[in-house]
1. Can you name the strands (runs of 3 or more DSSP E) wholly within the stretch 212-279 that have at least 3 residues being within 23 Å of D340 (Cα to Cα) and of a type outside the set (S, T, Y)?
2. Across the stretch 103-114, what is the total count of residues that are out of contact with any helix residue (DSSP H, G or I) (no Cβ under 7 Å at 6 or more places or on another chain) and either of a type in the set (S, T, Y) or modelled with pLDDT under 95 (or both)?
3. Looking at D95, D61, D51, which is the one that is surrounded by fewer than 13 Cβ atoms within 10 Å (Cβ to Cβ) and among the charged types (D, E, K, R)?
4. Inside the stretch 68-119, can you point out the residues that are without any contact (Cβ under 8 Å) to a residue 12 or more places away in the chain and outside any helix (DSSP H, G or I)?
5. Among the residues of the stretch 217-246, write down those that are among the basic types (K, R) and touching a residue at least 12 places away in the same chain (Cβ under 8 Å).
6. Can you go through T372, T407, T431 and tell me which one is surrounded by 16 or more Cβ atoms within 10 Å (Cβ to Cβ), part of a helix (DSSP H, G or I), among the β-branched types (V, I, T) and touching a residue at least 24 places away in the same chain (Cβ under 8 Å)?
7. Before we move on, is A382 surrounded by 19 or more Cβ atoms within 10 Å (Cβ to Cβ) and either over 30 Å from L143 (Cα atoms) or without any contact (Cβ under 8 Å) to a residue 60 or more places away in the chain (or both)?
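The values are calculated or read from the model by the stated rules, or taken from the named source; none is laboratory data. As the structure is a computational prediction, the values presented were derived from the model and not from experiment. As a convention, Cβ positions derive from the backbone with ideal geometry for all residues, glycine included, and neighbour counts pool all protein chains shown.
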Amino acid sequence: MKFTPARLAELEGSFQILKRPALDRPAAQRDPAVIAKVSEMLSTIEKGGFDAVLSYARALDGFQSTQVELGSAELARSGDALTPELRAALELGHDRTSAFARETRSHLVDFETQLAPGLTTGVRYVPISRVGAYVPAGRFPLLAGAFMTVGVAKVAGVPTVLACTPPRRDGTADPAVLYSCYLSGADRVYVLGGVQALAAMAFGLLGEPSVDMLVGAGNAYVAEAKRQLFGKVAIDLLAGPSEVAVIADDTADPVTVAADLLGQAEHGTESPAALVTTSRQLGEAVVAEADRQLETLKTRDIAGPAWRDYGSVTWAKDPATAAALMDDLAPEHLEIQTADDDYYHNALRNYGSIFLGRWSTVAYSDKGMAGTNHVLPTAGGAKHSAGLSVSRFLKPLTYQRVERSATPEAAGAVETISQYEGMAAHEATATLRLDAYRNSDA
């Protein structure tokens, strides 16, 4: 997440960078060693089948069992290990995420229209048949991940959703992650992590046919596996390190702005955090406040390097410049904390999800409280793509029904175009129907 030189040149003189990232390179780079390792693993698993999956699980995760699937009864009991407060919080996150997904689905409706007399066309929204969800549980078990992937897929009507989550050191899955999968309606859940999990779902090695789509976040190896498997299966998106950006003016609280920037920098040491502000004083205050908060932050070993190496603060002379700079960044998460949030909401076009007003924070979406999906485009992907939603699990299948009355106009035009193109077989399909029309009375 960085400004493009061309955009900076266009806006020269209307902004000033108050804090630059210490590292002048993209946060997410495709490491040749990662690419080669993932390619080797996928090839080995495709040839070796489930035995190769187990071999990698033992070597990489220390998994010793031969049974990777959790039974439905065990999954249903997963919440018993949680505190009542955590169970209630997870249930609230699931309910809100599902409610937003259902509302989204209600607006994706089949339709039919007559383009011309005798020519009827339409769309049917049909769910993908089989989805594989990766639910990470590394240093930070992201408990709402299943709501956004498994749960939204089920709301979309996907008949079969498989979920894989990596084992802990003792070989068991995190019970809170399992409870999230249970709430979300996963059809089958496996204790399996990393590249081997994605390969097992894509190659149909888990006692189920191959999935049609892989979704869910993960580390660099997981992201690369999705990239290499794309084409064999669909994927949601290629996500890099989590990103946050904030637009703020002199009405914003520097303590809150700094906390929200560090809140996403906490995801990983390569997670970018950017502030664009129309107040130089606020920008300088946020830099100082972030340093102060890092002194006592329990995760400063992660958020500190991320803020140092990938954090930036930019002063813009006016709201229009601030909006132009932010659209160039195209961040995954974007917070607006200004006296005129509506201006920015209307002006901005490039972001994964936007959080309006001082009472909104990215963490609400991360944990499922906002209901919106947190699987979002990174590394400038918001310039051309949106995040995961119900619509991604639905295929808008078109259809057409041509009656006799529409034949002369359509067939005649196809003959003309096909003759110019030199596509005689195309022309013949139209000519046959035109002849049949001329030789029939009904």
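1. Numbers: elements: 213-215, 244-248, 273-277.
Per the criteria, 244-248, 273-277.
2. Number satisfying all stated conditions: 2.
3. After ruling out the rest, the residue left standing is D51.
4. Across the stretch 68-119, the qualifying residues are G71, R77, T83, H107, E112, T113, Q114, L115.
5. Of everything in the stretch 217-246, those that are among the basic types (K, R) and touching a residue at least 12 places away in the same chain (Cβ under 8 Å) turn out to be K226, K232.
6. T407
7. Numbers: surrounded by 19 or more Cβ atoms within 10 Å (Cβ to Cβ): yes; either over 30 Å from L143 (Cα atoms) or without any contact (Cβ under 8 Å) to a residue 60 or more places away in the chain (or both): yes.
When the stated conditions are applied, A382 passes them.
Let's see how each residue does on (1) in contact (Cβ under 8 Å) with a residue 40 or more places away in the chain; (2) outside the structural domain of L54 (by TED's automatic domain parsing); (3) in contact with a helix residue (DSSP H, G or I) (Cβ under 7 Å, 6 or more places away or on another chain); (4) not in a helix (DSSP H, G or I):
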position	(1), (2), (3), (4)
L143	yes, no, yes, yes
V152	yes, no, yes, no
V155	yes, no, yes, no
A163	no, no, yes, yes
R168	no, no, no, yes
T172	no, no, no, yes
S180	yes, no, yes, no
